Amino acid sequence: MQSCASQHNLVEGRQQVELSENLQYYLYLPDNYFSEENKDFGLLLFLHGGGESGRQLNELTKNGPPKMMADGYPFPFLVLAPQNPYEKQWWDVRAVNQLLDYIIDDYRVDKKRIYLTGLSRGGSAAWEMAVQYPDKFAALAVVCGMAPLPYAHWMNKEMPIWVFHGAEDKVIPVSESDQMVSKLTEIGFDVRYDRYEGVGHNSWGRAYALDSLYAWFNKQKLIE
């Protein structure tokens with residue numbers, strides 16, 4: 001009788017749900033984008049940290065590539081910097097991926113040269129996007145993000161990765177990156193790790209100031 005009652009309490013159902021997201025963003029176009037009309041360009045997708053979530057869009061220009069965009073840094077590729085509209089929610093990576101696809105369709109973007117980076121909460125989202133969309137990105141740079149260690153093997157093994165983290169980070173422990181880098185190395189990924197001794201959570205100040213990071217991105221191409 002107990003088994004029969006349990007079956008009666010089990011209801012099968014199906015409901016189509018509709019999700020929508022309103023994403024503001026900055027988009028940087030290289031100086032030669034309009035003068036070289038037959039050229040396709042690479043694109044760097046940047047995901048900011050929690051401190052810029054749910055605020056005015058211009059808050060994005062305080063850190064990382066958006067700050068450099070505002071200061072006139074000559075990126076050799078497009079840079080897309082969306083804003084997470086929720087102060088205390090994770091990035092909706094499905095929405096970000098849709099926005100990225102819209103930009104790719106609307107601008108002259110080389111689909112084999114899509115790059116991905118993020119810091120802190122955005123670094124965590126960058127890891128997630130690399131896991132969920134393994135065939136999309138030619139290179140990944142993560143700055144002090146939480147890592148999806150059990151799913152490291154889901155990512156594209158041909159995608160080079162550069163990881164940055166402060167050894168004294170009290171917000172997202174450096175062990176997140178230590179363990180992820182160790183795992184990636186173990187299973188054969190091309191991974192580089194800059195572990196900043198004496199640096200806390202703000203490892204992005206040093207990481208994104210590296211000209212070599214953008215030169216490294218610009219040399220990568222998706223291997224299918």
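Could you tell me how many of the residues in the stretch 166-223 are assigned to a helix (DSSP H, G or I) and among the aromatic types (Phe, Trp, Tyr)?
Number satisfying all stated conditions: 4.
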Checklist entry - Which of the residues that make up the stretch 1-23 are open to solvent by 100 Å² or more (accessible area, probe 1.4 Å), aliphatic (A, V, I, L, M) and at pLDDT 80 or above? => result Leu10, Val11, Val17
Item to check | Pair list, Cβ < 8 Å and 6+ apart or interchain, from the stretch 132-149 residues that are touching a residue at least 60 places away in the same chain (Cβ under 8 Å) and within 21 Å of Gln98 (Cα to Cα) to residues that are among the charged types (D, E, K, R) and in a loop (DSSP other than H, G, I, E, B) | outcome: Asp135/Glu224; Ala138/Lys221
Item to check | Verdict on Ala139 being open to solvent by less than 10 Å² (accessible area, probe 1.4 Å), more than 21 Å from Lys221 (Cβ to Cβ) and touching a helix residue (DSSP H, G or I) at 6+ places or on another chain (Cβ under 6 Å) | outcome: no
Next on the checklist: Only one of Glu21, Glu12, Glu37 is acidic (Asp, Glu), in a loop (DSSP other than H, G, I, E, B) and over 25 Å from Asp105 (Cα atoms). Can you tell me which?
Outcome noted: Glu12
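Does Gly166 qualify as being farther than 21 Å from Val131 by Cβ, in contact with a strand residue (DSSP E or B) (Cβ under 7 Å, 6 or more places away or on another chain), free of Cβ contacts under 8 Å to residues at least 60 places away in the same chain and not aliphatic (A, V, I, L, M)?
yes
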Next on the checklist: Quick check on this structure: which one of Lys62, Lys88, Lys111, Lys67 is basic (Lys, Arg) and farther than 25 Å from Gly205 by Cα?
Outcome noted: Lys111
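Surrounded by 20 or more Cβ atoms within 10 Å (Cβ to Cβ), at pLDDT below 95, touching a helix residue (DSSP H, G or I) at 6+ places or on another chain (Cβ under 6 Å) and closer than 17 Å to Leu99 by Cβ: does that describe Leu60?
The answer is yes for Leu60.
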Next on the checklist: If Tyr86 meets every condition in (1) of a type in the set (Ser, Thr, Tyr); (2) at pLDDT 95 or above; (3) closer than 25 Å to Asn22 by Cβ; (4) open to solvent by 20 Å² or more (accessible area, probe 1.4 Å) apart from one, which number is that one?
Outcome noted: (2)
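The values are calculated or read from the model by the stated rules, or taken from the named source; none is laboratory data. Everything quoted here is computed from the prediction, not taken from an experiment. Glycine also receives a Cβ, built like all others from the backbone with ideal geometry; neighbour counts cover every protein chain displayed. Accessible surface areas use protein heavy atoms only, side chains included; no ligands, DNA or RNA. Shrake-Rupley method; radii C 1.70, N 1.55, O 1.52, S 1.80 Å.
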